[in-house]
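First up is the structure itself, then whatever we jot down about it.
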Amino acid sequence: MKLIRFLLIVAFVQLSTKALSQVTLNEKNTPVTKVMAAIEKQTGYLFIYDEAKVKLGNVSVMLMNAPLDDALEQCFKDIPVTFKIIEKTIVLKSKKEETAIIDTAKNQQTFSIAGKVTDESGAPLPGVFVFLTDSKKTTATNADGVFSLDQVQPGNYELVAKMVGFDPYTQTITLQKQSVNIAVKLLVSSTGLNEVTVKTAPDPNRPRYMKLFIKNFIGETANASGCKILNPEVIGLHYNKSKETLEATSTDFIKIENLSLGYRVNYLLMHFKFDTRSQIFAYEGKPYFEELKGSVSQQKKWARSRKIAYEGSIRHFFKALFNHSAEAEGFLVYRVPVNPPKSSADALPEHQVTPVSLFVRPPDKLKQEFMNIRPLNNDSLISVIDQNFKLLKLTPANEPANAPTKLYVVYTREQEPGSFYNSDEHIDLPISSPPKKGQVSQLNPIKNGIKLDKNGNLSPLNDIMFDGYWTWERVADLMPFDYNSVKPKTKEEQESALDEIILTSH
């Protein structure tokens, strides 16, 4: 069906047809399709509609030289159909479909995050860059230090304000029922004040350190090959020989051109550390996204790649959990005891799989308690606050302190690549009958009471830690939180959906 593509290509201009086309009809209990054919013949206008959704019956109508829009009103007054005239086309929709669109629009009420940025003395700061972490929402303060981020849906957000010579400012904001206005005060950077330029010989080991940094920061997935750091000179690298750790800092946004997904990722690096002995790494930052420009064929390729990168991701899981569709979208969740049965003398030694946790693999002969583990009802993990927010309940309230459990999430629609499956970061699902294929990750909640919004954003942000496959997907696979996955049923619908993404994202 070419309806979506057609609607996006033409201009949405409502034309007045009162003086352009006239219709004469004298029909009694006649199929509407026949009446529409007569209108097409008399006016030159064409009808377009989805036969699966628009149900047409019979109609009786008598008109003499009536304007087209009046004729359409008479033809469809007793039929649950709405019409819109777009250039030389008449688009029909079922009233049920139209009502659903209106209801969706009402549910997507938006607000603004506004404020004023000043220095320590209270003087306004113009030109401060302001953005929402993990988004394409950016702006800058005007001459009076005022900014506004508009059309933001209810949700949990992290606002960042950044200006050269000042420490970055971050604030967690919850938009729920109204717009928010905040006061932002930037502090002069002590690092910037105390910096002294010393000319030294280039570190001969920098290329090797940079290679380690890129491997652990950008990642090693298929999308990593399409990533390039455009300004490596802003990255400072320091290797501690006694501790065998590599640390990285940046004086500005690290600009990463991701030709695999069609984004420029601007990453404000707050912390990076890699232990070369244990292969443990950790990093934290505040990214925002810009769309890359490309040809139509490039845009289609990026749309497909984004869909692949999104599916099975952390954000996909939490969005699906919010929408009560996690299992339907391929996610299975298991609650598994942390330790194997006490009688297992032949358990494998501890296996360190991530920067933050240890996992003890159970023996091949599992006790009954492991054999009976089944996927959880995903709805048991959340409780509803309102239409925009839900509360995560990842840790059972009655769980004994000496018998903790961990949550394993398996995305069953994709297999783990061999390069990851054979790495130290891969984790097994320690049950007797795991799914035949899937990407295995682990949720380690620090506490309950984590608020989840429809974008898959969490608040507080750092109250869950992740292991397994999700830790393998790093900056190369980052996506904006407002990305919407498209799941068409047919090849024709897929092409139309991809065109919709391309034309509406710019």
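Values in this text are rule-based calculations from the coordinates and carry no lab data. Remember, it's a predicted structure, so these values are computed and weren't measured experimentally. Here Cβ is always computed from backbone atoms with ideal geometry, including for glycine, and neighbour counts include all displayed protein chains.
Tabulated values for the structure
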| quantity | calculated |
| --- | --- |
| Amide N proximity, segment 135-175 versus ILE385 label position 7 Å along Cα-to-Cβ, cut-off under 18 Å | 152-159, 171-175 |
| Distant-in-sequence amide H partners of GLN153 (H built 1.01 Å from N, under 5 Å) | PHE111 |
| Radius 15 Å from Cβ of LEU259, net charge of other residues (Lys, Arg +1; Asp, Glu -1) | +4 |
| Difference of contour (0.36 nm per residue) and Cα-Cα distance, ILE308 to THR251 | 17.2 nm |
| Cα gyration tensor shape for segment 252-330, rounded if a/c is under 1.5, else prolate or oblate | oblate |
| ³J(HN,Hα), Karplus 6.51/-1.76/1.60, whole Hz, each residue of segment 140-151, x for Gly, Pro | 9, 6, 7, 4, 9, x, 9, 9, 8, 9, 9, 6 |
| Two-site label geometry, VAL234 and SER423: point separation in nm, points 7 Å out along Cα→Cβ | 2.5 nm |
| Segment 106-160: C-alpha gyration tensor shape, a/c 1.5 cut-off, then a/b vs b/c | prolate |
